[in-house]
Structure formats: C-alpha cells, structure tokens
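Here is the structure we will look at.
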Amino acid sequence: MTTNPQTPDLARVRPTRIAESRGYRVFQVINTTALVLIVSLTLYPFVNLVAKAFSSEGAIVAGQVNVFPRGFNTTTFTAVMSDPMFWLNYRNTVVYTVVATLIAMALTTTFAYALSRRYLKGRTFFIGIAVFTMFFNGGLIPNYLLINSLGFKNTIWAIVLPNAISIFNLLIMKSFFENFPADLEEAAAIDGLTTYGIFGRIVLPLSKAVIATMVLFYAVSFWNNWFQAFLYMDRSDLYPVTVYLRNLLAAATSTESLGADSAQIASNVQAVTMVLTVLPIVCVYPFIQRYFVSGVMLGSVKG
Amino acid sequence: MTTVAPPEPTQVVPPAQTLKSRRRRGRTTWRRALRRDWRLYTFLVLPVLFLGLFKYVPMAGNIIAFRRFRPGGSIFGDEWVGLHYVEMFIQDPTFWRVFTNTLIIGGLTLAIVFPLPILLALMLNEVRTRLFKRFVQTMTYLPHFMSIVIVAGMVLQLTSLNGSINQLIEALGGEQISFMQDPDWFRTIYVGSEIWQTVGWGTILYLAALTTIDDQLYEAARIDGANRWRQTWHITLTGIRPTMMVLLILNIGQFMAVGFEKILLLYNPLLYPTADVIATYLYRVGIGSGSYSYSTAIGLFEALIGVTLVLSANALSRRISGSSLW
C-alpha cells in the first residue's frame, strides 16, 4: 500500500489530519467493516440465546430461530421461575458470592497492604511464597482429598475458602498500596495512629476505587464458578445456579448424543435459564467494565 | 504481574543517604523488626495460614503419587510404592491418547488463539473514531465475563442439529452436521469458542503497550521513507514485543492445562477420541473411579511439564529478546 511519500511541511507543523492516500482510505473502510463484523459475531450467540428464550419450542426444533424470536411467548420464563429449586440455587449463588467476596477481600487487602510496606522484614520471602503458587499447584486430587478430610464436603466452606486469595488480584492491590503517598501515613503516625489506625482510617477510605475493582473481580469470578460446587456438593439444594444449569445441559447432551429426538430437555428451557443466569452480569457490565480495564492495566504496568 | 518487572521507582535521594538507609535496613534483626512492626505482621497471619493450608498442603499431597492411598487414611498416603503409578501410566494406552490430544489442542490454541489479540489490537489502533473504538472494545470484552457453563451452553445451542450453524449450512445448500457426535469437529469447535471468549479481552494489554510508543518514532520513520506497513512492522510490533514475549511465556505455561472445565462441560463419550485430554482423563480416573494415587501421578507429570515449559520459555526469552517474566 502506498503512502504520502513526502509529508508536506504544513502538515508536520499541524499534524492533526494529514491528507491521506487513497490506499489508506481503502484500508480504513476495510478495517472498520472487519471490526463491525467481529462485533456482530461476538454478540450473535447472545442475541440467539435471547431469541430462543422467547421462542416456542416447536420453532426452535424446526430450526427457525436465529436473530428474532419465533412464536413469541414468555411461558418458559414463568415455568423456570416457578421451579423452587431454581430459586433456591439462585439464592445459593448470591450467598456464596457475597460470603466468598467478603472473605477474599479481607484476606487480600490485609495481605497486600503488609506486602506493600518496603520496610517489612521478610517481605521478599512472603511475596515469593505467594507468587510461587501461580506456577505450581497441588493439582486436582490432592486438593480434593484435603477439602474432604477437612470435612468441608457439602458445606459453604468448600466454595468460599479454597479460592479466597487470587494472587493476580493480590499483586494488583500490592502495587496500588506501594504507590500510596507515604507522607500521609507518616503524618498519621506522628499524630499517634497505630498501623491498624492508619490502615483502617487513612488507607482504606482512600483506596475505594481499587477496592471496588477488586470486589468486582472477585464477585464475578465467584458468581461464575461452578466446579468447586460440582466437586464438593452432593445435595441439589446446595448447588449454585451454575451447577443447576450444567445439569440441565448435561441431561440434554447425553440424550442428544444417544440419538434421542425431541424428548430431550427443551432448548428454550436451557436458553431461559442461561439468560436468567447471566442477567445480573450483563446488567452491571456497562457500568463496571472500565473498572476492570483499569484494574488490569494497573496490574500490568506496575508488576 | 503480566509484564516485564519495571525498575523499582527510583527515589530522588542523595547517594549517601541511600547507602545509609540501606545499611540500616540490613542491620534490622528479626527481634527488632517484630517489636517495631508486630501489628503489620498480624496482617500476615491469616493469609499465610491460608496459603499454607490450601496451596502448600496440596502441593505436599502430591506425594501420594509415590505412596499408596487408603480411603480414610492419611491424605499423604500410607506406604511407599516407588514409581509403581508412574510405570502404570506409561504403560497405559489411554494415557498416551489423552497426552497426544493435550499436545494437539494446546498447540492449536497457542498457534491460533495467541496471535489473534495482537491482530485485533493493531486493527483497533488504526480506528480514528474514539467512540467506535470504545464500542468495539466494550462489546468484544463481554464474553470474557461469562461463566464457562454459559459458554458451553451457547456452544451446545449453536452447534445443535437445529442450531444456527446448521441452519447456515443448510441455507448454503449443505447437509446438517451433528457436531457434538463427530470427533472430527471437536477441535474446531473448541478453538473457535476459545477465540470467541478470549480475543477481545486479550487486546487490553497490547492496547496499553501501544499507547506507550513514542509518536516521534513514527515521524522519524516517515521522514526516512517508511510506508505504513513498514512503520507497523518496525515500530508498532517492535514496541509491543516485550508484552508479546511475556504473554507468550504465560501462554506456554498454560500449554498443558488446556481448558479443562470447558472440555468437561462440552464432551461426551462419542467425542473422547479427540476431546479427551490429560486433565479430563485424570478427573474421570481420580474422582470418578477413586484411583487417587494413579491420577495424582498423572497430574504431577502434567504439572512438571508445565513448569518446565514456563522455565525454559522464560530463559529462552531472556536470552533472545531480553524481556522475561522474572
């Protein structure tokens, strides 16, 4: 592709919009079109899901549902929502998410704060034992045996404790605290505050932004989690909604792979359950998305 | 943690003072440190207990790969059996099948899914309208926030006999394909869904790296007669190379740990020939049939390959490009 061989002097003085070559304009059009296509492909599965959730089962089986619902109805919503087990599992998800996030935040903020103090003796050692777990971990079976021998099976602890510290989040918080203005803490110390006082009354209130980001990180990951519950819960009244959904899908796929026809679990029941499960995330997503981005940036720029 | 460790922020302190404070810090004994900072050390108690119990005890628990485990007995096993379980999986034909599958799926993911975020970031970088750029970013990040169960559900819906993909095939005059009963299609479906879920989010760090490239470099290149492609090649790609290296190392570390949860949710016995990987086999043997020692041996083997890969990739990257994770 060709470009302007010699940038005119005028443009160099005022480099706002230089006259672009034809080749570059063609490129811009292709690029924009490609991006629009990528966005459409990304969104299509969601659109399709919503369309199926509002369609009649007959239309889905006949293969008529793509972008728009066919045979519009909301009866499946009523049906899924009147299943007491669905609501129980939904409530479990909320409880697990809230408790797990609280525990995770308590451990992560205190740990990150202590690790961010450069004068702390043994600091490198404590950072080392935390970071090492990112590269090597116990593996499925030893973890499973541990949780079972602790008697956590069929309790909330199996879900909220083993994942309480994400090392990635820990490092983000640590680098945030490291950049905290030291003068402020010194002044507080001179005014007679202890470490606890400084942490609770100075540092935490001034770290609301990063704390909010971390809460979101943890809450989304706990909301989405299914495997812990799948492994350690035998009773359906303890499942989170993700496991409820996975059982629905598993029942459907096993019938389909065995060649059974429409006796399978109705596709629109699956679609409705999925829509209801992602609904909270999709609703808050536009508001929280930029915090996530800044959180990741923070972690990446200041390793 | 995902990029090159930046230099510690250098404080503007006269050299003498730095030296003095360093000497002073070197003299601090544990007794003094504990007396001075004991409140700070109390912050460490619970997190360190957490790491010890939930991270390091399972690490030590890997020892049952070499010891016989009895139900109800110690989680560290009861008696030594040497390499018995290692020999067992080396002689197990299913192990070699899942090993090959792991390598293929891991290799495909690395070769296809790793470069795409770079391409998307370059495309986004050329967008002039800020609003449009933000829109594309927001929309392509979305799948990253979905539970893997939801992703699996969507994949199953789209690939089902009456799903959208089959409708498209039929509209183009093709025949229905029963994707979820045909092992030949599994890798395509897996990699495709992986692209869908990770590509947008993967651009974040590259876009961040792109903003740090100095505009003057482009100007200088233009004066030297470089066209846009050459500018992209020599300046843009060179500028984000450290980020690329670090993410590549991390990806290589994940090579063996191919999307275990996703495969577990997607596959069925008909798909085992291509979909069964070490982690899923380990899950079935271990949790399913209760052969704890045997599956721990497999898991340990897998983890060791992973660690070796990260270490060698890191060393190699440091030697070749000078950027590394540590």
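The values are calculated or read from the model by the stated rules, or taken from the named source; none is laboratory data. Every value quoted in this text rests on a predicted model; they were computed, and no experiment measured them. Glycine also receives a Cβ, built like all others from the backbone with ideal geometry; neighbour counts cover every protein chain displayed. Calculation scope for accessible area: heavy atoms of the full protein, side chains included, ligands and nucleic acids excluded. Shrake-Rupley method; radii C 1.70, N 1.55, O 1.52, S 1.80 Å.
Considering only segment B:162-184, state which residues are open to solvent by 50 Å² or more (accessible area, probe 1.4 Å), without any contact (Cβ under 8 Å) to a residue 12 or more places away in the chain and assigned to a helix (DSSP H, G or I).
Selection gives B:Leu168, B:Glu170, B:Ala171.
Residues of segment A:184-206 being open to solvent by less than 60 Å² (accessible area, probe 1.4 Å), of a type in the set (A, V, I, L, M, F, W, C) and without any contact (Cβ under 8 Å) to a residue 40 or more places away in the chain, which ones?
Hits for segment A:184-206 are A:Ala187, A:Ala188, A:Ala189, A:Leu193, A:Ile198, A:Ile202.
A:Leu115: within 9 Å of another protein chain (Cβ to nearest Cβ), assigned to a helix (DSSP H, G or I) and over 23 Å from the mean Cα position of the chain (by Cα), yes or no?
Judged against the criteria, A:Leu115 is a match.
May I ask you to say which residue of A:Phe68, A:Phe86 is aromatic (Phe, Trp, Tyr), open to solvent by 20 Å² or more (accessible area, probe 1.4 Å) and at pLDDT 80 or above?
It is A:Phe68.
Give the number of residues within segment B:104-157 that are open to solvent by 40 Å² or more (accessible area, probe 1.4 Å), facing chain A (nearest Cβ under 7 Å) and of a type in the set (Phe, Trp, Tyr).
0
Does A:Gly128 fit the bill of being in a helix (DSSP H, G or I), out of contact with any His (no Cβ under 6 Å at 6 or more places or on another chain), open to solvent by less than 40 Å² (accessible area, probe 1.4 Å) and of a type in the set (Gly, Ala, Ser)?
Spelling it out, A:Gly128 is indeed in a helix (DSSP H, G or I), out of contact with any His (no Cβ under 6 Å at 6 or more places or on another chain), open to solvent by less than 40 Å² (accessible area, probe 1.4 Å) and of a type in the set (Gly, Ala, Ser).
Out of the helices (runs of 4 or more DSSP H) lying entirely within segment B:238-297, which hold 2 or more residues that are open to solvent by less than 40 Å² (accessible area, probe 1.4 Å) and of a type in the set (A, V, I, L, M)?
Because the criterion is at least 2 residues that are open to solvent by less than 40 Å² (accessible area, probe 1.4 Å) and of a type in the set (A, V, I, L, M), the helices (runs of 4 or more DSSP H) in segment B:238-297 that meet it are B:241-253, B:260-266, B:278-283.
Taking B:Thr198, is it more than 8 Å from chain A (Cβ to nearest Cβ), open to solvent by 60 Å² or more (accessible area, probe 1.4 Å) and either closer than 24 Å to A:Arg290 by Cβ or assigned to a helix (DSSP H, G or I) (or both)?
Spelling it out, it is not the case that B:Thr198 is more than 8 Å from chain A (Cβ to nearest Cβ), open to solvent by 60 Å² or more (accessible area, probe 1.4 Å) and either closer than 24 Å to A:Arg290 by Cβ or assigned to a helix (DSSP H, G or I) (or both).
Consider segment A:47-65. How many of its residues are at pLDDT 85 or above and open to solvent by 30 Å² or more (accessible area, probe 1.4 Å)?
Residues meeting the conditions: 3.
So for segment B:62-71 (the condition being surrounded by fewer than 14 Cβ atoms within 10 Å (Cβ to Cβ) and either in contact (Cβ under 8 Å) with a residue 60 or more places away in the chain or closer than 27 Å to B:Ile298 by Cβ (or both)), does at least one residue qualify?
yes
All but one of (1) at pLDDT 90 or above; (2) more than 13 Å from A:Ile141 (Cα to Cα) hold for B:Val310; which doesn't?
Against the list (1) at pLDDT 90 or above; (2) more than 13 Å from A:Ile141 (Cα to Cα), B:Val310 comes up short only on (1).
Look at segment A:153-172 and say how many of its residues are in a helix (DSSP H, G or I) and free of Cβ contacts under 8 Å to residues at least 60 places away in the same chain.
2
Applying the selection to segment A:25-48, what residues are among the β-branched types (Val, Ile, Thr) and either under 12 Å from B:Thr140 (Cβ atoms) or in contact (Cβ under 8 Å) with a residue 40 or more places away in the chain (or both)?
A:Val36, A:Ile38, A:Val39, A:Thr42
So that you can scan it fast, the table gives a plain yes or no per residue for (1) within 20 Å of B:Leu122 (Cβ to Cβ); (2) of a type in the set (Gly, Ala, Ser):
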position	(1), (2)
B:Asn251	yes, no
B:Gly259	no, yes
B:Val277	no, no
B:Tyr281	no, no
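Could you tell me which residue of segment A:208-235 is nearest to the other protein chains (Cβ to nearest Cβ), considering only residues that are aromatic (Phe, Trp, Tyr) and part of a helix (DSSP H, G or I)?
A:Phe227
For segment A:229-239, check the following and say yes or no: at least one residue is open to solvent by 20 Å² or more (accessible area, probe 1.4 Å), among the aromatic types (Phe, Trp, Tyr) and at pLDDT below 90.
Among the residues of segment A:229-239, not one is open to solvent by 20 Å² or more (accessible area, probe 1.4 Å), among the aromatic types (Phe, Trp, Tyr) and at pLDDT below 90, which makes the answer no.
Results for (1) within 10 Å of chain B (Cβ to nearest Cβ); (2) of a type outside the set (A, V, I, L, M, F, W, C), shown as yes or no for each residue.
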site: A:Met134; (1), (2): yes, no
site: A:Gly151; (1), (2): no, yes
site: A:Thr155; (1), (2): no, yes
site: A:Asn163; (1), (2): yes, yes
site: A:Ser166; (1), (2): no, yes
site: A:Leu170; (1), (2): yes, no
site: A:Phe176; (1), (2): no, no
site: A:Gly192; (1), (2): no, yes
site: A:Tyr196; (1), (2): yes, yes
